[in-house]
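Working notes, structure below.
The values are calculated or read from the model by the stated rules, or taken from the named source; none is laboratory data. These numbers were taken from a predicted model, which means no experiment stands behind them. Ideal geometry is used to build each Cβ from the backbone, glycine not excepted, and the neighbour counts take in all protein chains shown. Calculation scope for accessible area: heavy atoms of the full protein, side chains included, ligands and nucleic acids excluded. Shrake-Rupley method; radii C 1.70, N 1.55, O 1.52, S 1.80 Å.
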Amino acid sequence: MSMIPVNVPTLGESISEATIARWIKSDGDYVTPNDAIAELETDKANVEIVPSAPGVLKTTKKKGDTVAVGEAIAQIDTAGKPGAAATPAAAPTEKAPA
């Protein structure tokens, strides 16, 4: 498994941190460098984050977390394939009372 970190980019002069306003993509989604995966909010602007490589997204921070410039907010598993994300097992069916 080859993991590439997704770091908070430089956000402008004198801005050293931001808040994760929302995750556009979910943990386990296959993403490409064309996909915005998260939106960061500062007191001056909102910034969309894109991955540097295609792969499966593994989030390491939650919506509402305050993050510093340069800090990793997620990782991209470049060995992951589209549609290869684990699917939840089907819920067991309940038997009707006899």
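General remarks:
- On the stretch given as the stretch 34-47, residues that are within 11 Å of the chain's Cα centre (by Cα) and of a type outside the set (A, V, I, L, M, F, W, C) total 2.
- Hits in the stretch 34-70 - residues which are in a loop (DSSP other than H, G, I, E, B), of a type outside the set (V, I, T) and surrounded by fewer than 16 Cβ atoms within 10 Å (Cβ to Cβ): N34, A36, D43, K44, A45, S52, A53, K62, K63, G64, D65, G70
- Selected residue (criterion: most open to solvent (accessible area, probe 1.4 Å)) from residues of the stretch 1-33 that are under 14 Å from the mean Cα position of the chain (by Cα) and free of Cβ contacts under 8 Å to residues at least 24 places away in the same chain: P33
- Selection within the stretch 36-55 - in contact with a Gly (Cβ under 8 Å, 6 or more places away or on another chain) and β-branched (V, I, T): T42
- Pick from the stretch 71-82, criterion at pLDDT 95 or above and surrounded by 17 or more Cβ atoms within 10 Å (Cβ to Cβ), ranking: farthest from V8 (Cα to Cα): D77
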